[in-house]
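First comes the structure, then the notes that go with it.
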Amino acid sequence: MPYKEIVTARVVSRQDHQPVSGATVRVYDQDMVFDDFLGEATTDANGRFRVTFSSDDFQGQVTGFEARPDIFVRVTNPATGKTTKSETFHELTGLLTRNDAEEIMDLGDVEVD
């Protein structure tokens with residue numbers, strides 16, 4: 001049965017570590033052939049974002065083939081126009097909530113140019 005996955009993080013400037021508001025964040029699951037696009041969000045005034053998707057979005061047609069997502073994000077900084085790819089968080093797990101129906105995965109701070 002699919003469950004809800006939630007990816008959160010704070011986007012900060014690599015230069016001064018200040019939050020970046022209004023940045024476009026695209027979340028992906030890294031795969032061997034094609035990466036799965038999982039969702040998009042815009043950072044708030046504190047540089048925070050939240051993207052929600054289903055476990056079906058990264059597990060694909062073959063149940064059990066991919067137990068955990070390998071998450072990375074691409075962030076476009078509105079101040080510089082540059083897009084930065086984060087590190088890949090392999091086999092990411094998070095905090096289970098709502099009777100284990102949701103999983104929140106916080107990536108911490110994501111630095112951008």
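The values are calculated or read from the model by the stated rules, or taken from the named source; none is laboratory data. No experiment lies behind these values; they were computed from the predicted model shown. Glycine gets a Cβ as well: all are built from the backbone with ideal geometry, and neighbour counts include every protein chain shown.
Condition check ((1) of a type in the set (S, T, N, Q); (2) at pLDDT 90 or above; (3) under 20 Å from HIS90 (Cα atoms)) across all residues:
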residue: LYS4; (1), (2), (3): no, no, yes
residue: PRO19; (1), (2), (3): no, yes, no
residue: VAL25; (1), (2), (3): no, yes, yes
residue: ARG48; (1), (2), (3): no, yes, no
residue: VAL73; (1), (2), (3): no, yes, yes
Pick from the stretch 25-50, criterion over 17 Å from GLU87 (Cα atoms) and β-branched (Val, Ile, Thr), ranking: surrounded by the fewest Cβ atoms within 10 Å (Cβ to Cβ): VAL33
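Counting only residues that are modelled with pLDDT of 95 or more and of a type in the set (Val, Ile, Thr), which one in the stretch 81-92 is surrounded by the fewest Cβ atoms within 10 Å (Cβ to Cβ)? Walk me through it before giving the result.
Looking only at the stretch 81-92, we keep the residues that are modelled with pLDDT of 95 or more, and these are 81-86.
Within this subset, residues satisfying the condition of being of a type in the set (Val, Ile, Thr) are 83-84.
Values: THR83: 14, THR84: 17.
The qualifying residue surrounded by the fewest Cβ atoms within 10 Å (Cβ to Cβ) is THR83.
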